[in-house]
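J.: This structure is in structure tokens; I'll ask about it shortly.
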Amino acid sequence: MADFRQAPLGEILVARGRITEAQLEEALDRKRELGTKLGQALVALGYVSELDIAEALNEQGRVASIRLSTALVDVEVAESLGSQRSWAHRAVAFHEIGGIASVALEDPLDVSAVDEISRALGKPVFPVHASSPQIEAALQELFPRVEDQRSQLEAFLEEIRQLPEPAEDAPRGSSGVEESEAEVVVGLVDGILADAYAWRASDVHLEPRKDRFVVRFRVDGTLVERVSLPRFWMRPVLSRLKILSGLDIAQKRLPQDGRIQTVIDGRDVDLRVSTTPTLHGEGAAVRILDCGQQLFGLEQLGFEDAQLAAIREMIAARDGFVIATGPTGSGKTTTLYSILRELSSPETKIVTLEDPVEKELEEAFQISTNAKIGMNFAAGLRSVLRLDPDVIMVGEVRDLETARIALQAALTGHLVFTTLATVGTAKTISRLQDMQLERFPARRYAARDHLAALGEAHLPALQGARPAERA
């Protein structure tokens, strides 16, 4: 008997005669097109059954398989994972014993999903396989609100696809849509944003193509195509976003940046909107920042014991300058918030200066910048120093003036945290030198040699975190 442990799912199904090579190639194309899993694509095409997939997964990694029903689910355990993560990973945390949570997934060998679920629960996870319909039914019964949001979006998409495409010379309103269609556009935009939040997307990309208008979500660091519409809908959707974010809807030749503060699923959410002209028309990107997002403890971020010890040694100092580095979306701000949470106490005054405030931190004095009225990082930081803080967090060092004031604050008795979008400690120093920051003699902390642990680890456990959890 062949040993299929660790073999690809498609290879197992072909070897067992369940599908042909041609069917596998077709399913792989469908998987890439729709952003689904291979097993889902094969079932949707009718080539295999859910039972075939379960048997192949058992052979692939000797994973356990259960027949999931809500009668098996401990509701308290399921709610500890939450509706957003449960829907995003199509996972149901159904039982806990001995400090280990049992979680049902369609693909229990998805290591990144299992790791993120483990961090969210704060305990080890025992993953088991359950069929897609069983998970769908359990999620619908446990967390129906998220599915309602997705159904709402699908309803708007179906309504839009049934509308006739207007002629190029047809008279349109200033937003490029007739009054009778305006309500549909409002619902479509609201549905896209609610759907992105339910998927735990960090960004929404609205992209004009040669013959269509595409909306993609960035989920766990990967772009997934969610909506594809005729090109006509690009203009009214972007106009609606511009109106919500206070941008000029008539300006299509220059990039614009705006902000939307809204409530989604009962949570305060801040949306940063950026528009820009492209070859095929104007496009946009929306960054989702969940102000009410749960704060993680340092132990939940995936650091090794040595890295945790180094970080705690650094933050135990009464003054100093700590920079979290890494590419966009790697978890820099999430890490700093976890540090601030650990430092938070009635005896410590913590002040944050951000653009905008991304998470609410109890007992902290949090300030949002506003460039339109001259309240930038440099100006805000001068004001912060007059508030007698013990700990300061500056969202990002963007220019020489901000870097200089932050460094001076660190040298005069404050513990200062900030971020830089650089990769590694050496490049961080080069970036500061490029800003022409003076080289002050700095006090050498015992943990200085461990700065690379924070700067160069790139927080692999946080790659592709939520959205709203990534900065």
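J.: Which translational diffusion coefficient, to the nearest whole µm²/s, is obtained for segment 227-370 from the Stokes-Einstein equation, given a Kirkwood hydrodynamic radius over C-alpha pairs, 20 °C and 1.002 mPa s? Walk me through the numbers before you get to the answer.
T.: Details: Rh = 18.0 Å.
Calculated translational D: 119 µm²/s.
J.: For the pair Ala182 and Thr70, how long in nm is the line joining their label points, each one 7 Å along Cα→Cβ?
T.: For the pair Ala182/Thr70, the computed spacing is 4.1 nm.
J.: Hey, could you get me the Stokes-Einstein D for segment 70-141, Kirkwood radius over alpha-carbon pairs, 10 °C and 1.306 mPa s, rounded to whole µm² s⁻¹? Don't skip to the answer; put the middle values down first.
T.: Details: Rh = 11.7 Å.
Estimated via Stokes-Einstein, D reaches 136 µm²/s.
J.: Still on this model: At 0.36 nm per residue, and after removing the present C-alpha to C-alpha distance, how many nm does the segment from Arg212 to Asp265 gain when stretched out fully? Walk me through the intermediate numbers first.
T.: Details: separation 53, 0.36 × 53 = 19.08 nm, distance 2.98 nm.
Result for the pair: 16.1 nm of gain on full extension.
J.: Let me know the Rg and Dmax you get for segment 333-424 when you use only its Cα atoms, in Å.
T.: Calculated on Cα positions, Rg and Dmax stand at 12.3, 35 Å.
J.: Subtract the Cα-Cα distance of Glu438 and Val111 from 0.36 nm times their separation in residues, and report this length gain in nm to one decimal.
T.: Values: separation 327, 0.36 × 327 = 117.72 nm, distance 4.49 nm.
Additional length available on full extension: 113.2 nm.
J.: While we're on this one: Of Lys37/Lys242; Lys31/Lys210; Lys372/Lys427; Lys252/Lys427, which sit over 28 Å apart, Cα to Cα?
T.: On the way: Lys37/Lys242 35 Å; Lys31/Lys210 23 Å; Lys372/Lys427 31 Å; Lys252/Lys427 36 Å.
Lys37/Lys242; Lys372/Lys427; Lys252/Lys427, as the Cα separations exceed 28 Å there.
J.: Count charges around Ala78 for me, please; just the other residues with Cβ under 11 Å from its Cβ, Lys/Arg as +1, Asp/Glu as -1. Display every interim value, and only then the final one.
T.: Values: positive: Arg85; negative: Asp74, Glu76, Glu79, Glu96, Glu141.
In short, -4.
J.: If you rank Phe94, Phe303, Phe417 by fewest surrounding Cβ atoms within 10 Å, what's the result? Intermediate values should be presented prior to the final figure.
T.: Numbers: Phe94 25, Phe303 22, Phe417 28.
With the sparsest Cβ surroundings first, the list reads Phe303, Phe94, Phe417.
Bear in mind that the values in this text are calculations on the coordinates, not laboratory data. Note that this is a predicted model, so its numbers are computed, not measured. Glycine also receives a Cβ, built like all others from the backbone with ideal geometry; neighbour counts cover every protein chain displayed.
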